[in-house]
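Student: Just passing along the structure, written as structure tokens.
FYI, it's all coordinate maths here, none of it is from the lab. Computed from a prediction, not measured in an experiment: that's the story for all the values here. Every residue, glycine as well, gets a Cβ built from its backbone with ideal geometry; the counts of neighbours run over all protein chains shown.
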């Protein structure tokens, strides 16, 4: 009897292999294990056996039944999976296709770099200050130690609105405003738009961006200024960069300096970008002139400080190798979308 | 300003181990900015003196000759002709045997026919005859100003050789050496010496070099001279405060002619054009000492000279042939009859020297810098003299320049010049120095380095300051030529720091108290909104703060509404804008050919004199945010931009409403324009661009824009916009409703009416609006979905229905709405 059952199982195993669909499988199941099946007949005939024989054959028969069930189970799963796979295959689509495409917009590169710098300075404890672009002559010039008819006014071509009002030529206009508003100690940067009355060409814009910084505290000296500026430069370029400091003249600082960096384009060998000097002007600065501190309602005997200015537009041009300064204000999406 | 190193070497013996480039670099690091260093020798590389030994006609060209030129010194190197000469084909019409000429050998740089850029000479064949170089005209080697010659002639050096026995004009000599042009020129950035009147001269720069390299500087040689014991000249200063020093003298027996070679050469090296001996010498002395000088033809000027303010409507024709109208703010030099010069700026044409001049008046003066500057900017005339005077020169310099001129004039004159008695008016204390006292630790405190007494004294002494000590104090005597820029202690600190070298100062990190930084909410919000906008596909496109007259016409803006720029250089910058939208429309126009979908935004200041402003004494200039949406053939551009607008307000939970616009600007669509309101305040507008503007600009599709006052927006963002309420966790449900209302009823009104019906209406969303004949004229159907929630207990369907009916009732009552 056991032989018969084993034979049956073998038969089923052979039959099941070739089955291709669930219906056939279920039919076979009914045929082999259903009520009217041979298997069931054999099991039913167990009752005719003796108790000893029952004890011996019963478990074996059960085990075989279980095994057969298992074979069916795994075949069922196999067929189901196959079915799903077929469905899935039909679902395949081209995911590289653009449907209802929505592009992200872009920031102007000036804004991008400005925000980057703001984060650097905030990390060093600088606040961000903002102020008027249409400014009083007083804040743009006079309070900065540049009286009317001072030759230094030649250095900047100014848009005048009237005798008292100008479009600011430099973000330095906020030095005295910041001192008056916050007092000392003070650590601020003032990024923003400035204006020069110039004709436009690839190198000249009447509208561009600067970032000014001022630190006022007790006992601030040149050594602090140079150290801080080197730190700032290494942060801006994200690496150590060779710098040199030389004298520079700005009426609102004394002493006044210019910080140059080794030309990032030629590495110092000399090229058109650095006018063959190997150096690029990047950061003018100096110790705040006592007259300016006084104008800021602070006592120059008690407080000293340093100021620096960064040509934001120039820095962005350097960073990305942009050769036409007019691109920034052009609104041309072929330019903006690259950033 | 150009500085010649050879000239500097007249004052300082520079050791051989210091190269011209070293000097340039150190000047940059310690004193001034140098724009360019020019090695003249390089300009004249591979150019030698040659002697023409043989001239033959070119067999194949009528106008050309084949010359055998001897360059003796280089015998054996260039054996490319006959008899140790080199063969050169030349077209010069003044060639002669035995003539000394400038020969450009292969590798030399010349200007072809004296025009264009310098190009390299190569060996060549000219009509089948080999030519191993070029015999040059003065134009071709940039020396025309020194050696003016006729067209077609080559430079004949025989005369120069005859007149200047000191020059080594022999075959084979390097041209630059033979003509003493082997100089090194520094082009100094004038802006970097704005504050240093003393540096506007060779001697001034030499003083700096002597301090930087610790080298001795020689005194300028000023030789005494004899004067006659009379003069017919009288001088009179009417404005003492504008003229500190006026020295003038009549010099008789002048012979006006071409300057000697050395003088022309010096001016050429400084990029100046020689004119005649009298004028050239004045310029030369100015470049040497910094003192501008002027010469009048004494025969054309009356005996009395006044230094006075001009009278209204006085006129002068200047040396550069310009007629200038003068006014009483301008200082002039006049004789008894009329102005003869604009003081310190430019001379008059009538009183200038000419070939008939027999005697001159030499003027060496000192004028007030501010006055010169005002006049020079008023007349828009800037000269080498005014550039120096406006920096306020040392009045002691007049004498130095004056004597130098007379000494040199005597040297170069063949005639026996006679110097009349000198007229000199001084309104200043001669050789008066200044004193600055400085606490010893002040210098160290400002620089951040401990200098010793010796170091400080050493640096200051090199700069010609005198230093003495008194307890803890330095007493520093400032030389007269530095009084203009050394006025306070900090100025002395700069002197020490720069001569010591900024790069030698050890860096000290800045430590300061930890203070929370002042928050800038506007900038925080600006960043946030910009990020949202770029997330929505909008691009930050900057536009100018200016509008042009053309813009005003195009966009129909009234001129009187705008702030005007007083002195615009460009026509594009005549007015300040009071909105960003126009700038964005212009930016749209730039992109419309390249893009089908254009989304732009900008946050910038706009200017308006009529609005209230937060900065004292200044017009309104708040930041605005402007957004523009254009999609080719897009019907709903305005609704797309409206969604962006509402998204922005929603991120800050600012509640606002729309209100019909009263005064729509001419460039906006009057029927598709609405104001954005918070409380009673208009904060901006949402609109389409006016179709007539679009058609003028040839834009075929509608353009949606909004612009808001970003600073108002920021103010409202700071208010308490979020009030948290415990929310009901009971499931919400939905119902639709469709009603017919008069067309003029807008959605905002309906929504508000629905909203106030019940606190259990949590969301209202419109999903369909249409009009047709069935509904009736002036009517529209509007369908929306309401979400019901916020219940304390699960509502029964009757509860929901009740709210629904209340909504309908309210709509019927308020708008005469009918259920559809």
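Student: Please work out whether the stretch B:96-144 counts as rounded, prolate or oblate from its C-alpha gyration tensor, where a ≥ b ≥ c are the square roots of the eigenvalues and a/c under 1.5 means rounded, while otherwise a/b larger than b/c means prolate and anything else oblate? Present the calculation step by step, with values, prior to reporting the outcome.
Tutor: Details: a/c = 1.90, a/b = 1.12, b/c = 1.70.
Oblate is the answer for the stretch B:96-144, as a/c is 1.5 or above yet b/c matches or exceeds a/b.
Student: Moving on. Mind jotting down a quarter of the surface of the convex hull over the alpha carbons of chain B, in square nanometres, one decimal? If you can, show how the numbers build up before the last one.
Tutor: Working: hull surface 223.2 nm².
Its average projected convex-hull area is 55.8 nm².
Student: Now for a different question. Roughly speaking, what is the centre-to-centre gap between the stretch B:573-613 and the stretch A:46-123 when only Cα atoms are used, to the nearest Å?
Tutor: Distance between centres, Cα-based: 54 Å.
Student: With the Cα gyration tensor of the stretch B:45-178 giving a ≥ b ≥ c as the square roots of its eigenvalues, does the rule (a/c under 1.5 for rounded; else a/b larger than b/c for prolate; else oblate) give rounded, prolate or oblate? Intermediate values should be presented prior to the final figure.
Tutor: Working: a/c = 1.35, a/b = 1.14, b/c = 1.18.
Taking the square roots of the gyration eigenvalues as a ≥ b ≥ c, the stretch B:45-178 is rounded.
Student: Right, something else. Taking each residue in B:121-128, count the Cβ atoms of any other chain within 10 Å of its Cβ, then average. What number comes out?
Tutor: Numbers: counts 0, 0, 0, 0, 0, 0, 0, 0.
Across the residues of B:121-128, the mean count of other-chain Cβ atoms within 10 Å is 0.
Student: I'd like the distance between the alpha-carbon centres of the stretch B:773-790 and the stretch A:243-267, rounded to an integer number of Å.
Tutor: 69 Å
Student: Let me ask something else. Could you work out, residue by residue across A:188-197, how many beta carbons of other chains sit within 10 Å of that residue's beta carbon, and then give the average as an integer?
Tutor: On the way: counts 3, 0, 0, 1, 1, 4, 0, 5, 1, 7.
Across A:188-197, the average partner-chain Cβ count within 10 Å equals 2.
Student: Once you place label points 7 Å from the Cα toward the Cβ at residue B:508 and residue B:820, how far apart are they in nm?
Tutor: Between residue B:508 and residue B:820, the simple spin-label model gives 8.0 nm.
Student: Okay, next question. Given the rule -39500 (n - 2.57) for each run of at least 4 DSSP H residues, summed and divided by the residues of the protein assembly as shown, what is its mean residue ellipticity at 222 nm, to the nearest 500 deg cm²/dmol?
Tutor: Working: 34 runs with 361 residues, N = 1159.
Value at 222 nm, helices only: -9500 deg cm²/dmol.
Student: At q = 0.14 Å⁻¹, what log₁₀ I(q)/I(0) does a Debye calculation on the Cα points of the stretch B:689-748 give, no solvent, two decimals?
Tutor: Relative scattering, expressed as log10 I(q)/I(0), comes to -0.98.
Student: Using only the Cα atoms of the stretch B:521-717, each taken as one equal point scatterer with no solvent, compute I(q) by the Debye sum, divide by I(0), and report log10 of the ratio at q = 0.12, 0.14, 0.16, 0.19 Å⁻¹.
Tutor: -0.57, -0.80, -1.07, -1.53
Student: What order do you get for A:295-301, B:377-383 when each peptide is scored by the mean count of other beta carbon atoms within 10 Å, highest first? Write out the running numbers ahead of the final one.
Tutor: On the way: A:295-301: 16.4, B:377-383: 14.9.
Highest mean packing first, the order is A:295-301, B:377-383.
Student: Provide A:88, B:569 in ascending order of the number of other Cβ atoms located within 10 Å of each residue's Cβ, fewest first.
Tutor: Working: A:88 9, B:569 15.
With the sparsest Cβ surroundings first, the list reads A:88, B:569.
Student: Could you give the angle, 0 to 90 degrees to the nearest 10, between helix B:581-591's Cα long axis and the longest principal axis of the Cα atoms of chain B?
Tutor: The helix B:581-591 is inclined about 70 degrees to chain B.
Student: Report, to the nearest 10°, how far helix B:521-535 tilts away from the longest principal axis of the Cα atoms in chain B, using its own Cα long axis and a range of 0 to 90°.
Tutor: With rounding to tens, the tilt is 80 degrees.
Student: OK, next. If we sort B:688-697, B:445-454, B:55-64 on the protection proxy, mean other Cβ atoms within 10 Å, highest first, what's the order? All intermediate terms of the calculation are to be shown ahead of the outcome.
Tutor: On the way: B:688-697: 17.1, B:445-454: 15.4, B:55-64: 12.7.
Result, highest mean Cβ count within 10 Å first: B:688-697, B:445-454, B:55-64.
Student: Okay, next question. To the nearest 10 degrees, how steeply does helix B:202-213 sit against the main Cα axis of chain B, on a 0 to 90 scale?
Tutor: It works out to around 80 degrees.
Student: Based on Cα coordinates alone, diagonalise the gyration tensor for the stretch A:210-339, multiply each eigenvalue by 5, take square roots, and list the semi-axes in whole Å, largest first.
Tutor: 31, 18, 12
Student: While we're here: If you average 1/r across every pair of different Cα atoms in chain A and take the reciprocal, what Kirkwood value do you get, in Å? Before the final figure, lay out the partial values.
Tutor: Details: mean 1/r = 0.0374 Å⁻¹.
Over chain A, the inverse of the mean reciprocal pair distance is 26.7 Å.
Student: Label points 7 Å out from Cα along the Cβ direction at residue A:26 and residue B:746: separation in nm?
Tutor: 6.3 nm
Student: Let me ask something additional. How many angstrom lie between the Cα centre of the stretch B:303-366 and the Cα centre of the stretch A:129-200?
Tutor: Centre-to-centre (Cα) distance: 38 Å.
Student: Highest mean first, what order results for B:112-121, B:152-161, B:169-178 on Cβ atoms within 10 Å?
Tutor: Values: B:112-121: 12.0, B:152-161: 17.4, B:169-178: 19.7.
Per-residue mean Cβ counts within 10 Å order the peptides as B:169-178, B:152-161, B:112-121.
Student: Moving on to the next point. Residue separation times 0.36 nm, minus the C-alpha to C-alpha distance between residue B:663 and residue B:471: what's the value? All intermediate terms of the calculation are to be shown ahead of the outcome.
Tutor: Details: separation 192, 0.36 × 192 = 69.12 nm, distance 7.59 nm.
Length gained between residue B:663 and residue B:471: 61.5 nm.
Student: Kindly provide the Kirkwood hydrodynamic radius of the stretch A:85-173 in Å, to one decimal, from all pairs of distinct alpha carbon atoms.
Tutor: After inverting the pairwise mean of 1/r, the radius is 18.2 Å.
Student: Across the Cα atoms of the stretch B:733-819, what radius of gyration and what greatest pairwise Cα-Cα distance (Dmax) are found, in Å?
Tutor: 13.2, 45
Student: Averaged over every viewing direction, what's the projected area of the C-alpha convex hull for the stretch A:18-136? Give it in nm², one decimal, please. Each step should come with its number before you reach the end.
Tutor: Details: hull surface 82.4 nm².
Taking the Cα atoms of the stretch A:18-136, their convex hull projects to 20.6 nm² on average.
Student: On to the next question. Where a ≥ b ≥ c are the square roots of the eigenvalues of the C-alpha gyration tensor, would you call the stretch B:674-820 rounded, which needs a/c under 1.5, or, failing that, prolate if a/b is larger than b/c, or oblate? Let's see the in-between values first.
Tutor: Values: a/c = 2.65, a/b = 1.31, b/c = 2.02.
Oblate is the answer for the stretch B:674-820, as a/c is 1.5 or above yet b/c matches or exceeds a/b.
Student: Which stretch or stretches of the stretch B:404-428 have amide N atoms under 13 Å from the point lying 7 Å from residue B:225's Cα along the Cα→Cβ direction?
Tutor: Under 13 Å, as judged by backbone N against the label point of residue B:225, lie B:404-423 of the stretch B:404-428.
Student: As an exercise, find the ratio Rg/Rh for the protein assembly as shown from alpha-carbon atoms, using the Kirkwood inverse-distance average for Rh. List each step's numbers first, then the result.
Tutor: Details: Rg = 44.2 Å, Rh = 37.9 Å.
Expressed as Rg/Rh, it is 1.17.
Student: While we're looking at this one, here's another question. For the stretch B:414-507, just list the percent of Cα-Cα distances falling in each 10 Å bin from zero outward, please.
Tutor: Using 10 Å bins, I get a P(r) of 14, 42, 20, 10, 9, 5, 1 for the stretch B:414-507.
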